[in-house]
Each structure stands twice: as structure tokens, then as C-alpha cells.
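Down below is the structure, laid out as C-alpha cells.
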Amino acid sequence: MKNQRSMVISVIGRPNVGKSTIYNRLMNKNIAITHDAPGVTRDRHYGLAKFDEIDGQKEVDCILVDTGGFYPDSLEASVNFLDKNENGGFGADPGTDNFKKFFSIMSDHAKVAIRESDLVLFVVDIREGLLPYDLAIAKTIREMKRPFWVLANKSDSDKQMGLENEFYALGIDEEQLQPISAAHNQGINLLKRRIHQEILTFEKYIEGHSRLDLGVSPRENVVAKVAIIGAPNAGKSTLLNHLVGGERALVSDIPGTTVDPIQGFFDLFIGEDAHLLDQKDLGPRNNELLLQEYHRFRDSNPEIHHAMTVSYEVEQVGEIGGDETVAIDHVLEQLDEHLGGEIDTDELEMGPREIEHEIPEEELDFKMQELFLEDEKEEMETFVEEVEEEVVKEKVSGSFWRSVHLIDTAGIRKQSQVGSAIESESVYRALKCITESDIILYIVDATKGLSHQDRRLIDIALEKGKSVIVVFNKMDLLAKKLKDPRDKKEWMLDIRAQVPWLEYCHLIPVSAKFGHSLQRIKDSLIKTIFVRHRRVPTSQLNKAIYDLVEKNSINVDNSRAARLKVKYSSQVKTDPPTFLLFVNKSKGIPEQYKKYLKRGIRQQFKLINTPIHLIFRTGNDLALRMKKVGKKIIMEKEQQITNS
């Protein structure tokens, strides 16, 4: 483990000199939005940049900070610099109170970044030359006693050669000045090599830890990725700052303050069960694992298996004639309980593929009997004892904390209200964060309630398999209206009545501004993470689904009045829980009936605050998978015998 903190390097300069483009180049990815307009970057972006530019030297990393442009001496300077036709998508004209307030906050954030830094990359525009604003920024950096390099950006061609000499007036020497073109990637490799060498020098002398490490990189195993989504000015950035424990995101009452997704990490106290989240799930089941489960289910639960088989075959009379059940039983009698194999999600979705070399059924049965005569009981008992010892050890000595990856996103307005290319890109990135996250903290302004846009975005998240925790922020503004706990409870019941389709989602009233009820968000996150990783025992799952289907059976469309029956069910995936049902008719099942099954599974196994996915396949598909596994095992065994 490293016994020293990472070097902190910040990118500083007035608006529209190319700071975010340089930041993206050094990070080797597009994190900050770039646009030819001042004021696009607003928050401080923290990233862990890696450098491996010098042969023979170890790879190093640093905390790289991108900032919004600022003028340290006067707000009027920033207002004069921006005309009304190019305001960076702020939604307010330069000169207004909101605009002045906005740049004041951005300037404060930039000064904080300088104060936190071990090295400042001071970016200037070589085409505009040395401006009084640049002199003021250099003075501010010196007053804070921070070393800095001047990057003369936009040196795009030979026409700018020599123009960088003007910046020696900043009182710097030759080693502190470097012309670059971030847009054309010129001079960036040299800059990376210089930074690599600077970090190596820094690591020889620095000791201790910096508070800036808090929230920038995870301290424990990351168990979930959480995105903060919501309308503009709902309090998303305030919540991020509270959870991470620092002023990571710029906060104001001006809608649209956040543009880029802001990332951070915070720790949750899980307790003694924390080690359970480190056990990697096998993911989607391939045919071999799926059929092993079926084998165990049939042998361990003969009554349930018999009831399901009889009920299923009654509806199959005159169609398949029960042949698939006979085929399954023939193969299953020979299956070993400890088969391995790689996970193949394509097989789950597309069904079994044809085998090139066919083996007669009678030969298959005979050879299967010979393959699985070894007794592996002793080996399994040893394995179980080893696992139990590891679990006990983890409970005694392992950390009870785990980290969560948190992302604050730009507010999402209706498409008709998205006014600029910058805002459009922000909305795109926010929607992308929904896809890439596990859990969504959807922030709603409690004074406005759930809008149509809020419902639409929550629905999108649920359709993508994300858990949604709806956070009603700014409850402090409703204090006069909701004077006692009873009023608050009635208010929440009214909200519940408006969104019955969110019956399984957590709704939490908070005040991010004052930090009230934030522990409830953390508690909800812990419960949700565990639920998303929960595996339902196969026997209990089949019993529950059998009871649900028998209690309320339906006739499937276009099936000659045949009722829907389930032959076998298995949980094939977690995060979110996904179940595969082998039925007599996999097509034409009404959506309402699917919701009925999901609701029953959710209630039976307490799968709260997570979507449930159901996949339907025919019972004949199960028989084909059985045959495929048997043939594959025999062919592999014969190949081993041939090679030996």
C-alpha cells in the first residue's frame, strides 16, 4: 500500500483558453465538455491521471484538477469579457446579478484548486497575447506560494512561433514556459513527460496524506455505481458534496450550474456482512450450470418437481406428448453435480446451437453412465470447510466498510427547453450515466413535486434495470406547511398515491442544504445493494412460481386455449435479479400477467427497490439444452482419452 499521497496538479486560467481540452488530453479521455465559448466548465473536476512516458521509470499517477475560468481581481472583468451573444449557455445575460454571482462562485472554486495544488498548469491564449487578467492570475498563484508552469495554448501553426516570448513578462524562466496546441495534440507528449518527471521528484520528498484524497479515489472495494439525476436546481450538487465530504461540485441557486458529470467516492459502513458483496456472482448461467441446478432441484424437491411436471404435461397433451420430459430425465440421471464451464450469455438469449457431430441417443445414455461414477463427496466437504474458514477470517479481520462510486450530473429539462449545444451535450452525458450506473438517486424539488419529466426519466431508469431511490429535497422549505410528523406522513402518502407504479421504490424526504435525513439515503443504498446481489434458492423460486401460476392461471393467446404452465425456473443473473422460466407457451403472455408474476416474486423474496426481469423460453428449449450438454461432455471426454 502506498504510504504517501498523490501529487495534485490543477489546470488554471481565464475562460476559453482551452483548459478542459488540456485536461482531457492528460486524462486520455473526454471527461470535461469542451466548447468554443467561455464559462463552459463550472465545477472542479478531479481525476486520477496516469503517466508512463519515460522509459525505464515506473508508472506514476497524480490527482488532476480542471477548473472553471476566473478573474481574481474583479467581477466586472468577467462581465466585460463575455458579450450577450456568447454566454456559454448560462441561461442569463452577462451583467445580470445571476451572472455575476455565478462567476464569483467559479472564481472561489479556482482559488481553492490553486490552494490544494502542488503544481499549477497556468493556461494562456497565445493568439490573444498577454492580457492584464493573466498578470492578475499569476499574481494570485504567487501569493498562494504555488509553483506553476505557463502553457501557451493554441499554438496551432508556425504563424504563432515566437509569440510565446511575450509571456516572459510574467516573471518566469524558460523551463516554466511551454507552447502547446491541445486541440491538435501538439506538445502534449512533451508535457506528459515533464509531468512524469515532476511526479517522480515529488514522490521522493513528500510524506503524509492530503485531505484532497478524500472522495477522489476509493478507499475500499467499490460495490456500486450511483448516479444523481434530476431536474436543474433540485439540489444534486449539494447532496454530492455532503456525501463525499467536500466542496467537489459548484453549488448555487442558479439552474444549470452543473454541466459535466462530477465524480467522487464515499464510504458506507456495511458491517459484518460486507464480505458478501466481494463474492463475485457467476453472472448469466450457461447451459451446464443451469442444468446442474435443475438436477439438484429435481432430486432435492421431488414433490414440487412432480407437481410441476404433471401440471405442465396436462397442457402438453396432443402437442409434444411429453417427449421432452423423457429426454430430460434420460440425460439428467447422468449429470455430474460439479461441472465447470465458461459463462455464455449468447446461449441464454439465442438458445442452443446445433452440434456438428451427432451421437445416437442410446450411445449417449450408456456413455453418460460411465462418465460420472467417481465419488466427489470428500472433495466437496474439504472445499466447504476451506470456504467457511475464509469467511470467518474475513469477518474477524476484514474491513466492514465499502466504497460507492458517486456521479453528479447536469439537470435534465424537457427537450423543447434545451437551448444550447452545451446543454444538449450535458443532457446526453447525464442520460449515459443512467445506463452506466447500478442505482439512481433521483432528486426531486419537494416544493414542486414530481413532474411529467421526472416520471419519464424514472421510468427509463427502471426499464434499464436500475434501482431508483427517489429523494425529495428542500423539505426545509415545507417546514411551515408540514408542522408535525403526522403532516409529513400524510404528505408522503399523497405522493405514494400519485405514483403507484413506484410501490417498491424507496421515497426519502431530505434537506441536503442542512444535511437532514442523509443517513436514510445511506441506509437505503446499503439495502438496495444487497437486494440487487441476492440469489433466490432454486427450490424456493420454483415453489413460489408454481403457486402463483396455479392460483391465477391464464390462457395464452393463439395457443388453442392452452393455459400457461411453468416446467422449471431459475435465477440466471443478479444486479438486477433476472429469472428464466421454461413454459409451455413463451409467446403471447400478457404484460399484466408478467407484472403479476414479478409482484409475487418481489413479495415472496423481499426484492424491494430493484426491477425484476423475466425471460420466457419453451420447455422444449430446456430439453435441447440438456441434450447439448450431454453430447458436449462425452465429446470432451473422448478427446481426453484419445490425447492420453
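The values are calculated or read from the model by the stated rules, or taken from the named source; none is laboratory data. Worth saying up front: this structure is predicted, and the values here are computed from it rather than measured. Cβ atoms come from the backbone with ideal geometry, glycine included; neighbour counts cover every protein chain shown. Note: areas computed on protein heavy atoms with side chains; ligands, DNA, RNA excluded. Shrake-Rupley method; radii C 1.70, N 1.55, O 1.52, S 1.80 Å.
Of the solvent-accessible surface of segment 491-539, computed with a 1.4 Å probe over protein heavy atoms with every protein chain present, carbon and sulfur atoms account for 56 percent. Multiplying the residue separation of residue 28 and residue 535 by 0.36 nm and removing their Cα-Cα distance gives an extension gain of 178.7 nm. Taking the Cβ-Cβ separation of residue 453 and residue 401 as r and a Förster radius of 45 Å, what is the calculated FRET efficiency to the nearest 0.05? The pair residue 453/residue 401 has a calculated efficiency of 0.80.
Sites listed here are GluC sites (Glu not before Pro) in segment 428-511 whose DSSP assignment is loop and whose Cβ has at most 11 other Cβ atoms within 10 Å: 503. Within segment 475-509, the trypsin sites (Lys or Arg not before Pro) that combine a DSSP coil assignment with at most 12 other C-beta atoms in a 10 angstrom radius are 480, 481, 483. Could you tell me which of the pairs 58/159; 448/598; 527/627; 522/598 are separated by over 30 angstrom between their Cα atoms in the structure shown? From 58/159; 448/598; 527/627; 522/598, over 30 Å: 58/159; 448/598; 527/627. May I ask you to compute the full-extension gain from residue 486 to residue 523, defined as 0.36 nm times their residue separation minus their alpha-carbon distance, rounded to one decimal in nm? Value of the extension gain: 11.1 nm. In this label model, residue 514 and residue 642 are separated by 7.7 nm, measuring between points 7 Å along each Cα→Cβ vector.
Quick one: with all protein chains in place, what share of the accessible area of segment 573-644 is carbon or sulfur, to the nearest percent (1.4 Å probe)? The computed percentage sits at 49. For segment 560-644, trypsin sites (Lys or Arg not before Pro) meeting the loop criterion (DSSP other than H, G, I, E, B) and having at most 14 other Cβ atoms within 10 Å: 560, 587, 606.
Note on residue 160 and residue 552: the model spin-label points, each 7 Å out from Cα along the C-beta direction, lie 6.7 nm apart. Annotation: per residue accessible area for segment 486-581 equals 47 Å², rounded to a whole number [probe 1.4 Å, protein chains only].
Extension gain, residue 496 to residue 190, is 104.3 nm, computed as 0.36 nm per intervening residue step minus the present C-alpha separation.
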